[in-house]
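Novice: What follows is a single structure, and I will ask about it in a moment.
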Amino acid sequence: MNFIFTEENLIKIEALKLRYPSPQALCLPCLWMAQHQEGYISINAIDAISETLGIAPMEVYRVATFYTMFHLEPQEKLNVQVCKTLSCKLCGSDAILEHLKNKEVNIIHTECLGSCGTAPVMQINDTFYENLTPEKVDAILKELL
C-alpha cells in the first residue's frame, strides 16, 4: 500500500518549503505529518518523504530512527514517555517508571521533556502530564485506556 500525503499536508509542506533553508531541514516536520496521518512511519511514508524533499530515503530513515518519538511500526499500546533527566529523577520519576511497569503501556525512558519545573513529567502522544504521582498516573491511564 502506497503512502500519499493528504492534500492538507501537501499544502503545509509547500508553505514550509518557503521557510526552511534546505530540503533536509523539512525532514522532521514531514515525519511528524506522516506519523499523525498514518499512526506510524511506514517504509512507504519514508519513500514519500524522500521523493517530496528530493533526499535519499536513507536520510529520512536515519532521522526517523534517531528520535524516540517516531514509530516505525503500528503501536498497539499507549506510548508513555517518562523523562529520565536529573530534575525528574530527583522528584520521583523512578517511582513513576516502576509503577508503570505493571500497566499495559509501552514505556519509553526518554531524555528531557523540557518541563523541569513541573517534574516528574511524562508525555503520552502530544500531551504532557506534570507533577506526577503514582495515583495521578493511574487516573490518567484510566481515562485513556
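Novice: When both residues are 6+ apart or on different chains and their Cβ atoms are under 6 Å apart, which pairs have a first residue that lies in the stretch 6-21 and is free of Cβ contacts under 8 Å to residues at least 60 places away in the same chain, and a second that is of a type in the set (Lys, Arg) and assigned to a loop (DSSP other than H, G, I, E, B)?
Specialist: Matching pairs, first to second residue: none at all.
Novice: Give the residues of the stretch 7-45 that are among the aromatic types (Phe, Trp, Tyr) and in a helix (DSSP H, G or I), sorted by residue number.
Specialist: Within the stretch 7-45, Trp32 is the sole residue that qualifies.
Novice: Condition first: among the hydrophobic types (A, V, I, L, M, F, W, C) and within 16 Å of the chain's Cα centre (by Cα). Now tell me which residues in the stretch 113-145 satisfy that.
Specialist: If the condition is that a residue be among the hydrophobic types (A, V, I, L, M, F, W, C) and within 16 Å of the chain's Cα centre (by Cα), then Leu113, Val121, Met122, Ile124, Phe128 are the ones that fit.
Novice: For Ile46, all conditions in the list (1) more than 20 Å from Pro23 (Cβ to Cβ); (2) touching a Pro at 6+ places or on another chain (Cβ under 8 Å); (3) assigned by TED's automatic domain parsing to the domain that holds Leu28 hold save one; what is the number of the exception?
Specialist: (1)
Novice: Would you please name the residue that is farthest from the chain's Cα centre (by Cα), looking only at residues in the stretch 62-86 that are crowded, with 17+ Cβ neighbours inside 10 Å and part of a helix (DSSP H, G or I)?
Specialist: Among those that are crowded, with 17+ Cβ neighbours inside 10 Å and part of a helix (DSSP H, G or I), it is Val63.
Novice: What is the one condition in (1) hydroxyl-bearing (Ser, Thr, Tyr); (2) under 23 Å from Leu28 (Cα atoms); (3) in contact with a helix residue (DSSP H, G or I) (Cβ under 8 Å, 6 or more places away or on another chain) that Thr110 does not satisfy?
Specialist: Result: Thr110 passes all but (3).
Novice: Give just the number: which of (1) under 20 Å from the mean Cα position of the chain (by Cα); (2) assigned to a helix (DSSP H, G or I) does Lys89 not satisfy?
Specialist: All conditions are met except number (1).
Novice: Has the stretch 88-101 got any residue that is within 24 Å of Glu14 (Cβ to Cβ), surrounded by 12 or more Cβ atoms within 10 Å (Cβ to Cβ), free of Cβ contacts under 8 Å to residues at least 12 places away in the same chain and not polar (S, T, N, Q)?
Specialist: As a first pass, look at the stretch 88-101 and keep what is within 24 Å of Glu14 (Cβ to Cβ): none.
Within the stretch 88-101, not a single residue is within 24 Å of Glu14 (Cβ to Cβ), surrounded by 12 or more Cβ atoms within 10 Å (Cβ to Cβ), free of Cβ contacts under 8 Å to residues at least 12 places away in the same chain and not polar (S, T, N, Q).
Novice: Quick check on my filter: what residues within the stretch 104-145 are on the phi > 0 side of the Ramachandran plot and either part of a helix (DSSP H, G or I) or in contact (Cβ under 8 Å) with a residue 40 or more places away in the chain (or both)?
Specialist: Of the residues in the stretch 104-145, the ones on the phi > 0 side of the Ramachandran plot are 114, 125, 131.
Scanning the stretch 104-145 gives a single hit, Asn125.
Novice: Another question, then. Of these, Leu132, Leu90, Leu86, which one is more than 29 Å from Met33 (Cβ to Cβ), touching a Pro at 6+ places or on another chain (Cβ under 7 Å) and not charged (D, E, K, R)?
Specialist: The match here is Leu132.
The values are calculated or read from the model by the stated rules, or taken from the named source; none is laboratory data. Keep in mind the model is a prediction, meaning the values are calculated, not measured. So basically every Cβ, Gly included, is an ideal-geometry build from the backbone, and we count neighbours across all protein chains shown.
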